[in-house]
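Peer 1: The structure that follows is given in the form of structure tokens.
The values are calculated or read from the model by the stated rules, or taken from the named source; none is laboratory data. Predicted model only: the values in this text are computed from it and were never measured. All Cβ positions, glycine included, derive from the backbone under ideal geometry; neighbour counts span all protein chains shown.
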Amino acid sequence: MGNVSFFCFIARLFKTNQMTYLASRLFKPSNKTYQLRVLFISDNRLEYLADDVFHGLPNLEVVYLYENNFINLTNSSFNNDKIKEIHLYGNKLIQIDNIVIAGLTENTKFYIDCEKIEEIHQPTVELTCVKRRFVPNVSIPTAMRPIVENAGFTCGDKTCSPCPRGSFGRHGKCITCPIGGFYQDKIGAWTKNRTELFCKFCPVGTWVNTGNGTALGECTDCPDGTNRSIVAGYRGCHCSEIYGRRNRFEECVVCLEEGIICNGKDYKHLKLGYYWNWDIPEANVTMYQKFADNLDTENRNYDSNLNYSGDFPRPFKCPRLHSCTNTTGGVENLCPEGYAGWFCSKCDKRFYSVLTYCIPCPSTEWLALEVALICCACVILYAIAVRMYKIDRFRNRHGRHFLDQVVSRGKIALGFYQVLGEFFTSVHDVYWAQTLEVIGDVVSIIELNIFRLVIRPKCFDEKLQLNPKLEFVIGMIFPCALISLSATIIWLLKAWNKIKSKYAGISEADIALIKNVKSKLLTGVVVLLVISYPPICTSIFQLYPGSCEKYCLDRHNTTCRTLLRSDYGLPCENMEIYHKFAYISTVMYVFGFPVVLYLLMRKNSAHILAHQPRGYPSEINYQTDDDIQNLVDDNSRTRRNPVWIDFLCENYKPQFWYWEIVELTRKVSQTALISVIGWENKITVLSTSSISILFLTLHARYMPMKSKFEQRLQVGVCLQGPFENFN
């Protein structure tokens, strides 16, 4: 048992101690003789062995000197006829003199690396050239096995062996160096750290493509498409910026598709502002996400068998670039909080849309307070307007009333908002160049939807959220209901007066009341129909077949979906009935309303010209700013035109009484192009710009507005089309 203990002591003393030489008679400091049979002096830095270094070990049979720095052996170090094995592989030996082996028998075996040996004088021993993966089998007493297992050995039933090159030992097990930028050229390398990879790193730009690398020379150049400026790590070298892979250890392929980015992550993921849909037969987003997560694992815990062999979906550019963030570099579509649906274009529950952004809904109490405040504000503004109108009419009988100016300029601003609102609804994001960024921000504010910003109907109830189908139905019902309601009220008044006349007679006050109510109803109907005409036309246009857009999800165009451009949550399949009604509505409403309005205005055109101020048009300078002088100078002027006629014609010169129809045509033609074709189409850009330039030319040629200020304002509105194309 003492011999065993001493064996253990020597093994632990001389193995892995970074010694550079052994002195003569190291093992005979006194007259004592040791019974040691096996001696480990491996994994040191020995370069020199003195004469008779093993003197005093008469029973020594096996000497392990592998993994040292011997170059030449020229001394009589092994002067012992009992030695049976000498292990010298893993050194830099090029020469062994015969004096080294003079004291050994013919049965002694030398285990060496023969690649570098240049000279062995009179070999009287058996030389065995070992391969790089050779390891000796050592008989170790059972009681000592736990000790050697913690020093880079693995033990079987009868013998133990040091871990071969290409691996390292840890707690009695040999762990192979993985595929990638690792190798281990030492026998019996070991570590106690449970997480450490005790392998050497290949030089930058090289890797071992089979794993289990045993030498630096097995590190080969990284293949094309990889980044050769960094270490390979746990993969077949990292891919370059524009390359990706399907297998951790196979080639990298270029990924230059629009919307796709690899940026050194080795897997494809979406750029900012792009969207893809994995609902195609050959794609599996769950598997690819696992593959991507596995690639991000930069340690031995990765799954070497996890690859991706499926298809990839086609990426699409999101209409709202800020909605498709994809900030985490994942492979799935990551909508920000509050966004959902195709292209992340819908607002999620408890969010509402403002300026194409999804904003959290306020509390119910705050919503109720807002509604109350808005109602109060409307009542107050109405009262102020009526009061100012009466005062202005009394003080300014012969000039243009203040309310007329407000209504006139309000119509221009409303027309600008309606067309520009359609533009922003279609394109969602405009990127203005450099100095135009400030202007772009201001124009974006103009797109503000007052109804959604203040009222937020979706925040009251999710069912109040409108979609294009519902908007179309409401748009078709609204004018019919408005006209029917007004006609019913007038009919009821006439019926009441008819009944009253049979019993009590009709006074002039009753007749005046009917005329007054009829005038106000007609005015209200015309005003509401004119204001609602562009948005109702939009609700019609956005249900045209041309407003549907086809998206093929895969690269083979086998899985496609047709979606409504105005609402990507609505598929265009089974919408034939809506398409037909959209065409019918175009004939009856889009074309019919301006025609009817024109006929009514034409019927009253003679009345308008007959009651023009004295000197029309030659005696009045219509281009003088109305803030400086009155546009109308007629002491006998009285308002004898119908109010609805004044609403339509008041801001135009009498000979241009029809110009409101021209403006309606401009607005509807531009919104039709944007709604049906889409702003991103070059035809739309060219056509809307051409329409704006055409109407700008007409305004410059005929000067139809009475007010110089309003003329400039209208010209600015016509300039909006070309200006939008600067981006």
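Peer 1: I'd like the full set of residues that are crowded, with 21+ Cβ neighbours inside 10 Å and not polar (S, T, N, Q), limited to region 317-330.
Peer 2: The answer is Cys318, Pro319, Cys324.
Peer 1: Any idea which residue in region 503-548 is farthest from Ile477 (Cα to Cα), counting only those that are without any contact (Cβ under 8 Å) to a residue 60 or more places away in the chain and among the basic types (Lys, Arg)?
Peer 2: Residue satisfying both the conditions and the ranking: Lys515.
Peer 1: Quick check: anything in region 295-306 of a type in the set (A, V, I, L, M, F, W, C), touching a strand residue (DSSP E or B) at 6+ places or on another chain (Cβ under 8 Å) and modelled with pLDDT of 80 or more?
Peer 2: Scanning region 295-306 turns up no residue that is of a type in the set (A, V, I, L, M, F, W, C), touching a strand residue (DSSP E or B) at 6+ places or on another chain (Cβ under 8 Å) and modelled with pLDDT of 80 or more.
Peer 1: If you don't mind, another one. Counting only residues that are without any contact (Cβ under 8 Å) to a residue 40 or more places away in the chain, hydroxyl-bearing (Ser, Thr, Tyr) and within 15 Å of Leu295 (Cβ to Cβ), which one in region 201-249 is surrounded by the most Cβ atoms within 10 Å (Cβ to Cβ)?
Peer 2: The qualifying residue surrounded by the most Cβ atoms within 10 Å (Cβ to Cβ) is Thr226.
Peer 1: Would you please name the residue that is modelled with the highest pLDDT, looking only at residues in region 485-530 that are surrounded by 15 or more Cβ atoms within 10 Å (Cβ to Cβ) and among the charged types (D, E, K, R)?
Peer 2: Looking at the filtered set, the residue picked out is Lys518.
Peer 1: Could I ask something else about it? Which strands (runs of 3 or more DSSP E) sit wholly inside region 29-130 and have at least 1 residues that are within 30 Å of Pro141 (Cα to Cα) and either under 60 Å from the mean Cα position of the chain (by Cα) or in contact (Cβ under 8 Å) with a residue 24 or more places away in the chain (or both)?
Peer 2: It comes to 38-40, 62-64, 85-87, 109-112.
Peer 1: Check whether at least one residue in region 250-267 is part of a loop (DSSP other than H, G, I, E, B), in contact (Cβ under 8 Å) with a residue 12 or more places away in the chain and polar (S, T, N, Q), and report yes or no.
Peer 2: Yes; the residues of region 250-267 include at least one that is part of a loop (DSSP other than H, G, I, E, B), in contact (Cβ under 8 Å) with a residue 12 or more places away in the chain and polar (S, T, N, Q).
Peer 1: Can you report the number of residues in region 268-305 which are free of Cβ contacts under 8 Å to residues at least 40 places away in the same chain and in a loop (DSSP other than H, G, I, E, B)?
Peer 2: Count: 5.
Peer 1: Among the residues of region 588-604, is any among the hydroxyl-bearing types (Ser, Thr, Tyr), at pLDDT 90 or above, surrounded by 12 or more Cβ atoms within 10 Å (Cβ to Cβ) and out of contact with any strand residue (DSSP E or B) (no Cβ under 6 Å at 6 or more places or on another chain)?
Peer 2: Within region 588-604, one or more residues are among the hydroxyl-bearing types (Ser, Thr, Tyr), at pLDDT 90 or above, surrounded by 12 or more Cβ atoms within 10 Å (Cβ to Cβ) and out of contact with any strand residue (DSSP E or B) (no Cβ under 6 Å at 6 or more places or on another chain).
Peer 1: Which ones in region 154-172 are in a strand (DSSP E or B) and among the charged types (D, E, K, R)?
Peer 2: Result: Arg170, single match.
Peer 1: Please work out if Lys158 is of a type outside the set (Asp, Glu), surrounded by fewer than 20 Cβ atoms within 10 Å (Cβ to Cβ) and touching a helix residue (DSSP H, G or I) at 6+ places or on another chain (Cβ under 9 Å).
Peer 2: no
Peer 1: Are any residues in region 262-290 surrounded by fewer than 16 Cβ atoms within 10 Å (Cβ to Cβ), of a type outside the set (D, E, K, R) and more than 14 Å from Asp311 (Cα to Cα), and if so, which ones?
Peer 2: Passing the criteria: Asn263, Gly264, Leu272.
Peer 1: Tell me, please, whether a residue that is among the polar types (S, T, N, Q), touching a residue at least 60 places away in the same chain (Cβ under 8 Å), surrounded by 15 or more Cβ atoms within 10 Å (Cβ to Cβ) and closer than 15 Å to Gly569 by Cβ can be found in region 356-365.
Peer 2: no
Peer 1: Which is surrounded by 17 or more Cβ atoms within 10 Å (Cβ to Cβ), in contact with a Leu (Cβ under 8 Å, 6 or more places away or on another chain) and of a type in the set (Phe, Trp, Tyr), of Tyr544, Tyr533, Tyr568?
Peer 2: After applying the criteria, what remains is Tyr533.
Peer 1: Are any residues in region 178-204 within 29 Å of Val38 (Cα to Cα) and out of contact with any helix residue (DSSP H, G or I) (no Cβ under 7 Å at 6 or more places or on another chain), and if so, which ones?
Peer 2: Gln184, Lys186, Ile187, Gly188, Ala189, Trp190, Thr191, Lys192, Asn193, Phe198, Cys199, listed by residue number.
Peer 1: With the checklist (1) under 45 Å from the mean Cα position of the chain (by Cα); (2) surrounded by fewer than 24 Cβ atoms within 10 Å (Cβ to Cβ); (3) not in a strand (DSSP E or B) in hand, flag the one item Ile175 doesn't pass.
Peer 2: (3)
Peer 1: May I ask you to verify whether Asn641 is modelled with pLDDT under 70 and exposed (fewer than 13 other Cβ atoms within 10 Å of the Cβ)?
Peer 2: For Asn641, the condition - modelled with pLDDT under 70 and exposed (fewer than 13 other Cβ atoms within 10 Å of the Cβ) - is not met.
Peer 1: Only residues that are more than 36 Å from the chain's Cα centre (by Cα), aliphatic (A, V, I, L, M) and either at pLDDT below 75 or surrounded by fewer than 16 Cβ atoms within 10 Å (Cβ to Cβ) (or both): list them for region 663-697, please.
Peer 2: Those that are more than 36 Å from the chain's Cα centre (by Cα), aliphatic (A, V, I, L, M) and either at pLDDT below 75 or surrounded by fewer than 16 Cβ atoms within 10 Å (Cβ to Cβ) (or both): Ile693, Leu694, Leu696.
Peer 1: May I ask you to verify whether Arg133 is of a type in the set (D, E, K, R), under 27 Å from Ala232 (Cα atoms), touching a residue at least 24 places away in the same chain (Cβ under 8 Å) and surrounded by 13 or more Cβ atoms within 10 Å (Cβ to Cβ)?
Peer 2: no
Peer 1: With respect to Val231, is the statement that it is more than 20 Å from Phe168 (Cα to Cα) and among the hydrophobic types (A, V, I, L, M, F, W, C) true?
Peer 2: Yes.
Peer 1: Something else now. Would you call Lys109 surrounded by fewer than 19 Cβ atoms within 10 Å (Cβ to Cβ) and under 19 Å from Phe27 (Cβ atoms)?
Peer 2: No.
Peer 1: Do we have any residue at all in region 136-146 that's loosely packed, with under 14 Cβ neighbours inside 10 Å, outside any loop (DSSP other than H, G, I, E, B) and more than 56 Å from the chain's Cα centre (by Cα)?
Peer 2: yes
Peer 1: I've got another one for you. Are any of the residues in region 471-484 over 30 Å from Glu573 (Cα atoms), surrounded by 14 or more Cβ atoms within 10 Å (Cβ to Cβ) and not β-branched (Val, Ile, Thr)?
Peer 2: Looking for residues that are over 30 Å from Glu573 (Cα atoms), surrounded by 14 or more Cβ atoms within 10 Å (Cβ to Cβ) and not β-branched (Val, Ile, Thr), one finds at least one in region 471-484, hence yes.
Peer 1: Among the residues of region 539-587, write down those that are touching a strand residue (DSSP E or B) at 6+ places or on another chain (Cβ under 9 Å) and assigned to a loop (DSSP other than H, G, I, E, B).
Peer 2: If the condition is that a residue be touching a strand residue (DSSP E or B) at 6+ places or on another chain (Cβ under 9 Å) and assigned to a loop (DSSP other than H, G, I, E, B), then Gln542, Leu543, Leu553, Asp554, Thr558, Thr559, Arg565, Cys572, Glu573, Met575 are the ones that fit.
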